[in-house]
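Visitor: Have a look at this one before I ask anything.
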Amino acid sequence: MTGDAKLLRIEGLTKAYPGVKANDNVSFSIAPGEVHALLGENGAGKSTLVKMIYGLVKPDAGTMELNGAPFAPPEPRAARAAGVAMVFQHFSLFEALNVAENVALGMENPPPMRELSARIREISTTYGLPLDPARLVGDLSAGERQRVEIVRCLLQDPKLLIMDEPTSVLTPQEVEILFHTLRKLSAEGTAILYISHKLEEIRALCDGATILRGGKVVDSCTPREKTARELAEMMVGAEFKSADRAGRSLGEELLVVEGLSLPPMSQFGPSLKEVSLRLRAGEVLGIGGVAGNGQEELLATLSGERPSEPGTVRLMGEDISGLGPDPRRAKGVLAAPEERLGHAAVPAMSLTENALLTGTVRKSLAKKGFIDMGAARRFAEEVIAAFDVRTPGPHVAARALSGGNLQKYVIGREVLQEPRVLVVNQPTWGVDAAAAASIRQSLLDLAGRGAAVIVISQDLDELMEIADNFAALNEGRLSAPRPTEGLTIDEVGLMLGGAHGMQEAAL
Amino acid sequence: MITLIKRPTPSKTWSWATPIVAILATMIAGGFLFAALGKNPVEAIRVIFWDPLFGPNAAYFRGQLLVKAAPLILIAAGLAVGFRAGIWNIGAEGQYIIGAICGAGLALAVYPAESVWLFPAMVVLGALGGLLWGMIPALLKIWFNTSEILVSLMLVYVAQNLLAYMAFGPMKNPQGFGFPGSRNLQQYASAHNPELIAGTGAHWGVMAAIVAVIATYILMHRHLAGFRIRVAGEAPRAARFAGVNPSRLVMVCLMLSGALAGMAGLFEVAGPNGQITDGFNSGYGFTAIIVAFLGRLHPIGILLAGLLMALTYIGGDMAQLMLQLPAAAIQVFQGMLLFFLLGFDVLTNYRIRIGKGAKA
């Protein structure tokens with residue numbers, strides 16, 4: 001094989017869906033051993049493109065070549081047979097089965113269990129992905145579950161490994177382990193097609209990048225030679241405005257949480273242990289940490305979905321620990337949960353009805369219990385206009401909106417109610433860069449108007465950008481908040497990994 | 001190749017058209033069924049759907065229509081509120097029996113005193129009986145997380161045995177020559193639930209059914225409480241986020257549907273039926289579940305579905321009598337209605353695409 005031989009060559013790939021061209025004449029190529037990034041906002045066509053490579057979607061036009069031979073997989077099985085493997089963003093694992101059984105389920109002709117377990121052990125040690133084949137997947141962390149998926153792919157000895165947003169569920173330390181594995185694979189000649197929103201990661205890991213916008217290839221570059229800001233600008237196609245945090249001063253203490261403990265909400269769920277925090281008017285407090293460490297539980301106790309022990313949550317000196325969501329809304333404590341469909345919004349209901357979900361108290365959308373549909377519609381329209389929600393109108397069902405648009409709607413619905421305290425969980429999860437920037441700005445503006453904002457997020461860059469203080473949530477314990485100014489990423493990593501230890505040291 | 005494509009927004013047109021298409025499909029498929037049994041399908045359909053309303057003896061049957069539809073609508077209106085919230089009261093039949101026992105019990109206890117207050121008091125007691133019977137599964141669900149489906153269903157059999165005990169024991173007519181069954185309330189002026197307009201069959205239960213339809217419509221579509229009930233059924237976590245207390249919701253839904261079922265039982269025992277007897281209950285509580293779904297859990301839909309269901313019962317009886325159709329054929333026919341309804345229901349949320357491009 002010569003030096004410039006390409007593993008995968010894509011020429012003029014086009015795929016149209018009714019009303020939208022998901023991919024328009026896309027061409028690029030990947031060399032063996034290359035780590036290639038696919039960059040683009042949500043809806044830029046990244047998913048469609050990799051689905052075509054993996055045989056899940058058939059292109060309307062264009063050709064693909066794998067190792068110089070025409071490549072047009074009619075289904076994923078054919079793609080796998082040709083040496084293309086994919087790790088999806090959402091894992092497809094059965095929690096009640098063990099690691100080896102899960103791997104066997106994804107194989108065409110699984111070898112005997114004992115042999116398979118030995119192979120899993122061998123591969124996982126070779127690539128630095130410690131994994132016990134006999135453990136139940138239900139007991140594994142998100143990072144370990146991802147390892148199962150990766151090992152499942154590696155068993156096929158792939159030539160091209162596609163990874164869709166692999167680091168969104170990992171801690172910084174787990175990301176390091178993953179990168180180590182990917183570099184090793186790349187050194188052995190396996191090409192990796194890497195999709196991520198996290199520009200710093202791409203700069204650290206990838207050899208080349210193709211940038212998609214509106215289904216077209218708009219640029220390609222070597223990520224190491226660009227700054228994260230330049231990459232973001234290439235993605236969005238406009239100059240990137242980072243959040244404006246000027247013009248804020250911290251005021252009186254609004255919310256005090258003290259000694260808040262909570263038993264787990266579900267069998268496998270985390271509990272909250274002695275969480276304490278103080279929040280001042282105009283302050284943005286960022287709470288980092290990997291999902292599943294008590295984020296949902298913290299939001300539930302602050303929103304009022306889960307009442308807590310008397311005296312644990314106080315608003316301006318008044319104990320609100322026992323109040324439900326609506327009485328808290330009346331007092332100005334609002335929240336936007338992470339799960340958009342089914343928690344923050346009702347999927348089958350219209351945006352107008354979803355405005356009623358949280359807006360009744362502060363926006364007077366009901367009189368003596370009778371719904372004022374006109375007022376609800378006007379409020380929904382107000383949110384749609386103010387937050388640039390792309391939808392035909394407020395009559396549309398929430399599930400018809402794209403994730404990013406619904407997120408804008410959910411955040412907008414709370415922000416426009418002018419809360420005194422707003423708690424948001426993962427405010428920009430799955431939202432494209434431009435929309436994420438406007439959501440962040442709206443949170444900062446809200447704080448600028450004197451509200452206190454708690455942003456719970458896994459995206460550390462986001463927290464560093466908008467938060468005044470940073471605290472880490474780990475296994476239900478919240479570290480003492482520290483000012484974000486001057487905080488290094490190493491220190492943050494330590495807080496995330498060792499919030500537990502720090503707490504004990506402080507005692 | 002046929003593919004179903006999920007609609008982003010549920011189709012309003014289809015949610016209204018489905019019942020009509022389902023009725024037409026039932027008529028066609030039922031026609032084939034009757035033809036296979038050697039009957040003239042057109043005549044059979046006419047006997048079931050047309051004769052009770054416009055046939056030679058329609059005057060009598062039209063009255064029967066309201067008598068049969070009223071309890072179905074009254075019970076289904078209550079059940080639908082719970083079903084919308086995802087709370088499955090399957091035991092309306094039991095609540096219906098207990099309502100009848102409680103209301104009739106009062107009348108039998110004070111017999112033969114006459115008072116204008118007796119009948120209203122019976123209605124209140126009937127509703128209260130059904131409400132308390134419905135509260136049992138609610139409390140068990142809240143305290144021990146039991147399934148309200150099982151508990152409410154089991155309580156039907158408890159209620160049936162209680163009914164038999166009452167009919168043979170404490171409530172037996174002392175002047176009944178040893179026959180089981182209570183005094184006939186039709187002959188007790190203060191306790192009787194009479195036909196209000198002669199020839200229509202409209203008794204107080206019909207009025208109550210109409211009021212229940214209007215009240216549940218306002219509750220579910222104009223009031224915040226109804227909105228929250230719908231949210232709870234669609235997305236329980238969102239409901240909690242909106243401030244719904246799940247325990248209170250369970251209580252309210254089971255108590256409401258229980259009270260309406262109990263009232264239906266009282267109107268029946270004090271009116272068309274007249275007596276507490278062993279076999280007093282005739283399955284209205286179970287049929288109302290079908291009516292609730294046939295009516296898309298919407299009060300107006302339930303009104304129409306109750307009338308339609310009553311029509312197929314009366315028409316079915318006539319068809320058995322006049323065409324010697326087997327009773328099972330009528331039941332199959334009624335089953336088809338639900339079958340087609342649920343089948344066509346898919347079109348509300350999905351679009352059908354036929355032909356190429358079906359397989360990826």
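Read the figures in this text as sums done on the coordinates, not as results from a lab. What you see is a predicted model; the values in this text were computed from it and never measured. In this analysis, Cβ positions are derived from the backbone assuming ideal geometry, glycine residues included, and neighbour counts consider all displayed protein chains.
Visitor: So for segment A:253-506, taking the charge dipole from beta-carbon charges (+1 Lys/Arg, -1 Asp/Glu), which of A:Pro347, A:Gly286, A:Gly304 sits furthest toward the positive end?
Guide: A:Pro347
Visitor: Can you tell me the Rg and the Dmax, both Å, for the Cα atoms in segment A:288-389?
Guide: Reported Rg and Dmax, both Å: 15.2, 43.
Visitor: Add +1 for every Lys or Arg and -1 for every Asp or Glu among the other residues with Cβ under 14 Å from the Cβ of A:Phe370, and state the total. All intermediate terms of the calculation are to be shown ahead of the outcome.
Guide: Numbers: positive: A:Lys367, A:Lys368, B:Arg222, B:Arg228; negative: A:Asp372.
My count for the surroundings of A:Phe370 gives +3.
Visitor: Right, another one. Given N residues in the protein assembly as shown, what is its alpha carbon radius of gyration divided by 2.2 N^0.38 Å?
Guide: With N residues counted in the protein assembly as shown, Rg over 2.2 N^0.38 Å equals 1.15.
Visitor: Could you tell me how many degrees, from 0 to 90 and to the nearest 10, lie between the Cα long axis of helix A:433-448 and the main elongation axis, the longest principal axis, of the Cα atoms of chain A?
Guide: Helix A:433-448 sits roughly 20 degrees off the main axis of chain A.
Visitor: Next question. Picking from B:Val158, A:Gly324, A:Ala467, whose Cα lies most toward the positive end of the charge dipole for the protein assembly as shown (charges on Cβ: Lys, Arg +1; Asp, Glu -1)?
Guide: B:Val158
Visitor: Moving on to the next point. Across segment A:8-236, how many lysine pairs, 8 or more apart or on two chains, come within less than 19 Å at their alpha-carbon atoms?
Guide: Qualifying lysine pairs in segment A:8-236: 16.
Visitor: Please report, in debye to the nearest 20, how large the charge dipole of segment A:8-236 is about its Cα centre when each Lys and Arg carries +1 at its beta carbon and each Asp and Glu carries -1 there. Intermediate results must be reported in sequence, preceding the final value.
Guide: Numbers: 25 positive and 29 negative charges, 57 e Å.
Value, rounded to 20: 280 debye.
Visitor: With only alpha-carbon atoms counted, please give the Rg and Dmax of segment A:8-236, in Å.
Guide: Rg then Dmax for segment A:8-236, in Å: 17.5, 51.
Visitor: Tell me the relative contact order for chain A as a rounded percent, counting alpha carbon contacts under 8 Å between residues six or more apart. Don't skip to the end; give the middle numbers.
Guide: Values: 1028 pairs, mean separation 71.1, N = 507.
Computed over chain A, the figure is 14 percent.
Visitor: Evaluate the charge dipole of segment A:363-417 about its Cα centre and quote only its size in Debye, nearest 20, assuming +1 on the Cβ of each Lys and Arg and -1 on the Cβ of each Asp and Glu. Write down the numbers at each step before the final one.
Guide: Working: 9 positive and 5 negative charges, 35 e Å.
About 160 debye.
Visitor: Also: Which value in deg cm²/dmol, rounded to the nearest 500, describes the helix-derived mean residue ellipticity at 222 nm for chain A, given -39,500 (n - 2.57) per DSSP H run of n ≥ 4 and division by the residue count?
Guide: Helix contribution divided over all residues of chain A: -10500 deg cm²/dmol.
Visitor: Once every DSSP H run of n ≥ 4 in chain B is given -39500 (n - 2.57) and the sum is divided by its residues, what mean residue ellipticity at 222 nm do you get, rounded to the nearest 500 deg cm²/dmol?
Guide: Numbers: 14 runs with 248 residues, N = 360.
Only helices count here, giving -23500 deg cm²/dmol.
Visitor: Return an integer: the convex hull volume of the alpha-carbon atoms of segment A:356-493, in Å³ per residue.
Guide: Values: hull volume 18.8 nm³, N = 138.
Given the Cα convex hull of segment A:356-493, per-residue volume reads 136 Å³.
Visitor: Using a Gaussian network model of chain B whose springs link C-alpha atoms within less than 10 Å, name the residue from B:Arg84, B:Arg183, B:Arg237 with the highest mean-square fluctuation.
Guide: Highest fluctuation of the listed residues: B:Arg237.
Visitor: Per the Debye formula with a single identical scatterer at each Cα and no solvent contribution, what log10 I(q)/I(0) holds for chain A at q = 0.06, 0.08, 0.10 Å⁻¹?
Guide: Debye output, listed in q order: -0.31, -0.55, -0.86.
Visitor: Please get the size of the charge dipole for the protein assembly as shown, origin at its Cα centre, with Cβ charges of +1 on Lys and Arg and -1 on Asp and Glu, quoted in debye to the nearest 20.
Guide: Numbers: 75 positive and 76 negative charges, 476 e Å.
Dipole magnitude for the protein assembly as shown comes out near 2280 debye.
Visitor: Which percent of Cα pairs goes in each bin when the distances of segment A:253-506 are cut into 10 angstrom slices starting at zero?
Guide: 8, 32, 37, 19, 4, 0
Visitor: Follow-up question, since we're still on this one. Return the lysines within reach of A:Lys368: Cα separation strictly under 28 angstrom, same-chain partners fewer than 8 residues apart disregarded; answer none if there are no such residues.
Guide: A:Lys331
Visitor: Just how many % of Cα pairs in segment A:1-139 lie over 19 Å apart, if you round to the nearest whole percent? Each step should come with its number before you reach the end.
Guide: Working: 5909 of 9591 pairs.
Distances greater than 19 Å cover 62 percent of the Cα pairs.
Visitor: Let me ask something else. What percentages, rounded to whole numbers, describe P(r) for chain B computed over all alpha carbon pairs with 10 Å bin width beginning at zero?
Guide: Taking all Cα pairs of chain B, the binned fractions are 6, 22, 29, 25, 13, 4, 1, 0 percent.
Visitor: Out of A:Gly106, B:Phe227, B:Ile352, whose Cα points farthest toward the positive end of the dipole of the protein assembly as shown (charges: +1 Lys, Arg; -1 Asp, Glu; placed on Cβ)?
Guide: With unit charges placed on the Cβ atoms, the residue in question is B:Ile352.
Visitor: Modelled label-to-label distance, A:Ala330 and B:Ala36, 7 Å Cα→beta-carbon offset: nm?
Guide: 6.2
Visitor: Moving on. Taking Cα atoms, how many degrees apart are the long axis of helix A:351-363 and the longest axis of chain A, rounded to 10 and kept between 0 and 90?
Guide: Once rounded, the angle reads 30 degrees.
Visitor: What are the equivalent ellipsoid semi-axes of segment A:92-200, built from the alpha-carbon gyration tensor (square roots of five times its eigenvalues), in whole angstrom, biggest first? Don't skip to the answer; put the middle values down first.
Guide: Numbers: eigenvalues 99, 54, 30 Å².
Each semi-axis is √(5λ); the values are 22, 16, 12 Å.
Visitor: If you find the alpha carbon centre of segment A:151-194 and of segment A:84-121, how far apart are they in angstrom?
Guide: 16
Visitor: Could I ask something else about it? What angle do you read, to the nearest 10 degrees and between 0 and 90, between the alpha-carbon axis of helix A:489-506 and the longest principal axis of chain A?
Guide: Its long axis makes an angle of about 50 degrees.
Visitor: Report, in whole Å, the centroid distance computed from the Cα atoms of segment B:289-360 and segment B:170-235.
Guide: 25
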